[in-house]
Amino acid sequence: MMDDILPAELPLFAVWVIKAVVIFGSLISAAGITTLAERKVSAWIQYRIGPNRVGPFGLLQPLADGVKFIFKEELVPDGANRLMFRLAPMITAAPAMMCIAVIPFAGEVVIGNYNLGNLSITDLSVSVLYVGALTGLGIYGIILGGWSSNSKFSLMGAMRASAQMVSYELTLLLAILSVVLLAGSLDLRAIAESQASSAEGGIGVWNMFLQPVAFVLFIIAMFAETNRHPFDFAECEPELVGGFHTEYSSMKFALFFLGEYCAIIVMCCLVTTFFLGGYDVPFWDSAPWFIQLASFVAKAACFIFLFLWVRWTLPRFRYDQLMGLGWKVMLPLALVNVTVTGAVVSFGWSPLITPVLAVAALIPGVILFARSNPGEASLTGHALSEEGSAS
Amino acid sequence: MEQFLFFLLSLSAIAFAVGVVVVKSPMKSVLSLLGSFVALAMIYLLIGFQFLAAAQLLVYAGAIMVLFLFVVMLLNLSDVNAVFDAPIRVLGQKRIAIAASAAALIGMIALFAGGSVQASESVGAIPAEGYDQIEYLGALIFSRYMIPFQASALLLLATMIGVLVLAKRRRDSASDVNSEEPAQ
C-alpha cells in the first residue's frame, strides 16, 4: 500500500530539506539537553540533586528555561548602539550553528527503499577551511556585543574574549593541520574515513594515537576557543560581572547561551571527526548507518561530558597565564608537531612513528624551556606580569 | 537564480564599500568593510571557488578585520570625531583625491569601452574542473609562483619585525623615564 503512495525515489531537494531540518533540529535540542546536563553534572559533582521539578527527573527543565527567557523583560541599556546590540547575539549564534552543516555523522543512510546519501548536510571539499572561517567569524558577535553595550565591563570582557580566541585559533588550526597532512585532504569525511581500517592504504588507527600531541593541543585550544572554563575570561564573574553579556537580558542573553552550547557541541563533533575516527566503529567496518551514528554520538557525548567535568573541577586561570600558555607553550608545540608530521608524510615513512618522533622532538624543547624559565614562571607568564607592573 | 544572486551580492558589496568611506563612525566603517568582504566571498562561492571563498573569510574577515576592530576600539574615538569636525588641510588633499579617483574611473571606462580589454569567453563561465583543487593550487604556489610567494612571506616577516623594533624602542625610553623618577 505504502509503495503506491510514495515515489520510488525522493527528489534531491527533498533529501536536502529533510537532512537540514533533522540535523539542525538535533543540534538545537542537543544544546538544550546540554544545558540540563551541565546542571545535573554540576549537581552530581557537588553532591546536590540538581533540577528535578519539571517533568520526570527534571528532563523538561530546558523548555521551562526557554519559556522563562521569553517572558523576561528585555532591556537595552542607555547609550547602547541599538542596531549592533540587537545584531550581536545573532552573529554569535549563527556561525556556531552553521558549522554543523559539514560534520559527517554517518555513512550512507538507507531507510527502506530510500537511499538518502551520506548523513551530513553537505560534503565540501574544503570543509576544514569552512569550519575555520566560521569560528573566526564567531568572534565578531562577542566584540560587537561588548562594544555596543556601552559598558566598561562588557568592553573588557569582549577584548579579552577576542584576544583569547584569536590566539588559540592559531593552535587549533595548526593541530588540525597535522591531521590534515596525515589524511591528505581538507574534507572532514575523507579525514574521518582515512582512520577507518577499511580505508585505502590506511592502517586503521585513530588519529588520537597517531597524533597525541595535536590531540591534547586541540582539546586545550577548544576549551579556549569556546570561552569555557578554565579559560572563561570573557565572563569572569568575580572580575567582570558577566563580561560581554553583562547588559543582555531575556532572549538575547539566551541566544548568546545557545551559541555557546552549539559551539561546544560543534567542537566535540570536530574532535571526534579529527581524532577519534568520526563514525568509525572499531573492528566492524560494514556497520549499518545507525550503529555508526550511535558510535559518533557516543564519542561526542564523552567530550561534552569532559567540558562539564572540567568546568566544575578546575579553578580558573589568570588572564596573563592564559596568554602565556597560548603563545609561549602551545603555539611552539603545535609548530614542532606540524613540522614532524610534514617530515613523516613527505619522506613516506609509516605514520605509526609520528607519535614517537613528535614526542622525541618535544623533549629538547621542553628541557630548554624549563631551563630558561625556572620555577613556576614557566607557565604562568610571571615575567610578563612583572614587566606590566614595572612600567 | 544565479544571476539574481550575483547582482544582489555585488550590489551589496558595492553598497558596503561605499559605506566604508561615507560612514562617520570608524566602528561602523570597519563593519561595512567586513560586510563587503563577506559579500565578495559569497560571489567567489557562486563561481565555484570554494577555496578562495574560505580563504577570503579566514584571512580577511577572520584575522585582518578583527585586528582593525581592535585598533579602532583602542583609539580614542572622541579624537576621531574632532578630526571630522575640523579636518586637517593637507595641500588640497580633497582635490587630489577626487582628481585621482576620477582619472582611474575614466581610464577604466576607456579601457573597457575602447575594447582593449575584451570580455573573453571564460568570463562568467565556471572555470575548468579541478582549477580550484588544493593540490593544484599548492603545486603552483611551490613551483611557478615560488619567488613571489617567498617574497611576500619575507615582506610580512620584515614588517612584523619592524613593528616590534619600533614599539620596543618607545617602551624602553618610557621605562627609562619611569626608572629615573624614584632616583630623584
Taking a ≥ b ≥ c as the square roots of the Cα gyration tensor eigenvalues, with a/c under 1.5 meaning rounded and otherwise prolate when a/b beats b/c or oblate if not, the stretch A:74-382 comes out oblate
At 7 Å along Cα-to-Cβ for each site, give me the label-to-label distance between A:M90 and A:F347 in nm.
5.4
So, R0 is 35 Å and r is the distance between the beta-carbons of B:L74 and B:A97; what FRET efficiency does that work out to, to 0.05?
0.85
In peptide B:54-63, what is the residue-averaged number of other protein chain Cβ atoms found within 10 Å of each Cβ?
6
If you count, for each residue, the other Cβ atoms within 10 Å and average over each peptide, how do A:79-92, A:123-136 line up from highest to lowest?
A:123-136, A:79-92
Taking amide hydrogens as modeled 1.01 Å from N in the peptide plane, which residues meet the under 5 Å criterion relative to A:I121, leaving out close sequence neighbours?
A:I103
First check a/c for the stretch B:1-75, with a ≥ b ≥ c the square roots of the eigenvalues of its C-alpha gyration tensor; if it is under 1.5, answer rounded, and if not, answer prolate when a/b is larger than b/c or oblate otherwise.
oblate
18 Å Cα-Cα reach of A:K68 towards lysines, excluding residues that sit fewer than 8 places from it in its own chain
A:K252
Shape of the stretch A:1-108, Cα gyration tensor, a/c cut at 1.5:
oblate
Test item: B:27-33 mean partner chain Cβ contacts at 10 Å
2
Quick one: among A:A360, A:A94, A:A196, which has the greatest mean-square fluctuation in a GNM of chain A with alpha-carbon springs under 10 angstrom?
A:A360
HN-Hα couplings for the stretch A:127-134 via Karplus (6.51, -1.76, 1.60; θ = phi - 60°), in whole Hz with x for Gly/Pro, come out as 5, 5, 5, 4, 5, x, 5, 6
Separation of the A:F369 and A:V281 label points, Cα + 7 Å toward Cβ, nm:
4.0
Explain nothing, just compute: Karplus ³J(HN,Hα) = 6.51 cos²θ - 1.76 cosθ + 1.60, θ = phi - 60°, for every residue of the stretch A:171-177 in order, whole Hz, x for Gly and Pro.
4, 4, 5, 5, 5, 5, 4
Under the Karplus relation with 6.51, -1.76 and 1.60 and θ = phi - 60°, whole-Hz ³J(HN,Hα) for the stretch A:22-38, x at Gly and Pro, equal 5, 5, 5, x, 5, 4, 5, 5, 4, 4, x, 5, 5, 4, 5, 4, 4
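Quick note: the coordinates plus some simple rules give every number you see, no bench work behind them. Remember, predicted model here, so these are calculated numbers, not experimental data. In this analysis, Cβ positions are derived from the backbone assuming ideal geometry, glycine residues included, and neighbour counts consider all displayed protein chains.
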